1. Being of a type in the set (A, V, I, L, M), in contact with a Pro (Cβ under 8 Å, 6 or more places away or on another chain) and open to solvent by less than 20 Å² (accessible area, probe 1.4 Å) is the requirement here; does residue 26 meet it?
2. Restrict the check to segment 71-86 and report whether at least one residue is within 10 Å of the chain's Cα centre (by Cα) and open to solvent by 30 Å² or more (accessible area, probe 1.4 Å).
3. Those residues that are open to solvent by less than 90 Å² (accessible area, probe 1.4 Å) and not in a strand (DSSP E or B), I need them from segment 48-63; list them, please.
4. When you check residue 66 against the structure, is it surrounded by fewer than 17 Cβ atoms within 10 Å (Cβ to Cβ) and modelled with pLDDT under 95, yes or no?
5. Looking at segment 32-46, which of its residues are of a type in the set (Val, Ile, Thr) and open to solvent by less than 50 Å² (accessible area, probe 1.4 Å)?
6. Within segment 40-93, work out how many residues are farther than 23 Å from residue 22 by Cα and acidic (Asp, Glu).
Amino acid sequence: MLGLTFAALALLEQASAIIWKNDGTVEITTTFVATDPRNPFPQGTVLLLTKAKEACGDKGAPVPVGEPVVVGITIAEGKPQVAMSGTYACRQG
């Protein structure tokens, strides 16, 4: 783990999108300032899971469907911005 709390990771987040699919899964895309742009997966996965928990709410716990992917990397204000996307199913119990 990066040693950052969920609250600290949330502060690094820039934007996110939540899209519900017809099969009941939810696709989360989030953009954040990467602390390690060579390996954004630990940081991005935590952010995606946090957003998936919010999206699933009382529908159950989010379960990843496949692996999260990096969908873009840019430099904004001298800092690496990474966009990642992941799909989750909300499962009861």
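The values are calculated or read from the model by the stated rules, or taken from the named source; none is laboratory data. In this text the structure is predicted, and so the values were computed from the model without any measurement. Note that we place each Cβ from the backbone using ideal geometry, even for glycine, and neighbour counts take in every protein chain shown. Please note that ligands, DNA and RNA were not included when accessible areas were found on the heavy atoms of the full protein model with its side chains. Shrake-Rupley method; radii C 1.70, N 1.55, O 1.52, S 1.80 Å.
1. Yes.
2. Scanning segment 71-86, I find no residue that is within 10 Å of the chain's Cα centre (by Cα) and open to solvent by 30 Å² or more (accessible area, probe 1.4 Å), so the answer is no.
3. Once the filter is applied, which keeps residues that are open to solvent by less than 90 Å² (accessible area, probe 1.4 Å) and not in a strand (DSSP E or B), segment 48-63 yields 48, 49, 50, 51, 52, 55, 56, 57, 60.
4. No, not satisfied.
5. Matches in segment 32-46: 33, 46.
6. Total satisfying the criteria: 1.
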